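The structure appears right after this line, and notes come after that.
The values are calculated or read from the model by the stated rules, or taken from the named source; none is laboratory data. This is a predicted model, so every value here is computed, not measured. Cβ coordinates were reconstructed from backbone atoms using ideal geometry, including for glycine residues, and neighbour counts include every protein chain displayed. For the accessible areas, the whole protein counts, side chains as well, though only heavy atoms, and no ligand, DNA or RNA atoms are used. Shrake-Rupley method; radii C 1.70, N 1.55, O 1.52, S 1.80 Å.
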Amino acid sequence: MKYFPVFLDGSKINAMVIGGGDVAARKIELLLKTTTNITIMAENVTDGVERLINENKLSWLKHNYQAGLLTKITLVIAATDNTDVNEQVYHEAVEFNILANVVDQPALCTYITPAIIDRSPMIIALSSSGSAPILIRMLREQIEKILPQGYGRLADFSLKFRDHVKARIKGIRNRRTFWENTLRGSIGQALLDGKHQEAEQLLIVSLKEKIAPPQGEIIFIQTLEGNPDNLTLKAHRALQFADAVFYDGEVNVELIEYVRRDAEKYPQSISSTLMLNYQHALELAQEGQQVIYLLSGNEELPSNAALISSGINTTIITNGN
């Protein structure tokens with residue numbers, strides 16, 4: 001990745017926007033979604049910028065850019081039409097380790113602003129690293145169509161009951177399954193319909209039900225030619241719920257990007273066509289973990305007496321064609 005994705009805590013942002021035109025107005029409006037701790041530096045501003053300043057009680061330095069005024073600023077945006085000024089802003093910001101963005105000049109940016117889908121508190125950020133803004137706009141349109149406006153309610157609800165669920169349901173995988181069933185089922189639908197009290201009552205009832213301890217299993221995924229686009233829905237879901245993943249050098253490493261981030265990864269130095277690490281996989285499964293073993297091609301798996309006698313559930317999934 002050329003850019004490291006990160007979300008900044010708005011309460012700790014002290015921003016400065018240099019410039020007072022229409023571009024500056026758009027940047028100010030975006031910042032206002034997170035913070036009002038914003039200073040505008042411009043001798044003249046448009047009516048739109050002045051309205052934003054007055055309505056939100058923003059600071060306004062009524063002069064054009066002057067060096068030495070970025071003290072305590074954590075993020076600066078240069079939105080002027082003067083190339084020399086923009087460069088000066090960038091270099092001053094870099095000198096003091098201030099996040100800097102010069103509009104439409106990626107070479108003079110220490111960060112870039114992604115396309116944003118706001119379902120607060122849930123935020124989706126999309127970026128092509130500045131290479132294809134039209135493609136990102138198309139992708140954003142697709143996601144907007146399938147993402148209900150009420151999804152933020154699901155996030156708030158999850159936060160409210162997170163500690164209760166954690167105390168009642170043991171095991172990360174059990175909690176993931178519980179939340180997936182909760183948010184995709186009648187409780188999630190009630191939230192989307194604005195029926196908060198009904199959703200809370202349903203959740204309390206579900207938490208009182210007996211929850212079985214996590215059952216370990218081993219899932220072998222035959223990846224064929226290794227094309228991630230050919231992952232079946234079943235294989236994709238298994239990777240998202242994995243606690244541990246084994247793979248050798250013949251497996252397309254791009255598939256690892258589809259694995260749950262906090263799953264343990266175990267790259268194998270010996271090809272799976274020569275030997276499978278049944279013993280380690282079996283030990284993890286006996287601890288209640290969901291273990292994935294990625295295999296290149298679709299060779300028949302060799303029999304293993306220890307695995308058979310263990311009683312651990314095993315599944316073979318073959319990648320789509």
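Descriptive notes on the structure:
- Check on Leu239, closer than 20 Å to His164 by Cα and either open to solvent by 20 Å² or more (accessible area, probe 1.4 Å) or part of a helix (DSSP H, G or I) (or both): no
- Scan of segment 86-132 for residues that are open to solvent by 70 Å² or more (accessible area, probe 1.4 Å) and closer than 22 Å to Leu69 by Cα, ordered by number: Glu87, Gln88, His91, Glu95, Phe96, Asn97
- Residue in segment 290-311 that is surrounded by fewer than 17 Cβ atoms within 10 Å (Cβ to Cβ), on the phi > 0 side of the Ramachandran plot and out of contact with any helix residue (DSSP H, G or I) (no Cβ under 8 Å at 6 or more places or on another chain) present: yes
- Cross-chain or 6+ apart pairs with Cβ under 8 Å, segment 207-229 first and charged (D, E, K, R), then surrounded by fewer than 14 Cβ atoms within 10 Å (Cβ to Cβ): Glu217/Asn313; Glu217/Thr315
- Cβ-Cβ distances below 6 Å connect no pair with a first residue in segment 28-39 that is acidic (Asp, Glu), a second residue that is outside any helix (DSSP H, G or I), and a separation of six or more residues or different chains.
- All of (1) out of contact with any Phe, Trp or Tyr (no Cβ under 8 Å at 6 or more places or on another chain); (2) surrounded by 15 or more Cβ atoms within 10 Å (Cβ to Cβ); (3) not aliphatic (A, V, I, L, M) hold for Lys62 with one exception: (2).
- Here Arg260, Arg237 are screened, and the one residue that is closer than 17 Å to Gln290 by Cα and free of Cβ contacts under 8 Å to residues at least 12 places away in the same chain is Arg237.
- For segment 211-236, the set of residues classified as part of a helix (DSSP H, G or I), of a type outside the set (D, E, K, R) and open to solvent by 10 Å² or more (accessible area, probe 1.4 Å) consists of Pro228, Asn230, Leu233, His236, listed by residue number.
- Close pairs from segment 97-123: first charged (D, E, K, R), partner open to solvent by less than 60 Å² (accessible area, probe 1.4 Å) and modelled with pLDDT under 90, Cβ under 7 Å, at least 6 apart: Arg119/Leu147; Arg119/Gly152
- Residue match in segment 140-163 (condition: polar (S, T, N, Q), open to solvent by less than 80 Å² (accessible area, probe 1.4 Å) and under 24 Å from Val291 (Cα atoms)): no
- Some residue of segment 12-30 being open to solvent by 60 Å² or more (accessible area, probe 1.4 Å), among the β-branched types (Val, Ile, Thr) and closer than 26 Å to Ile123 by Cα: no
- Strands (runs of 3 or more DSSP E) wholly inside segment 1-76 containing at least 3 residues that are under 30 Å from the mean Cα position of the chain (by Cα) and closer than 23 Å to Glu92 by Cβ: 15-18
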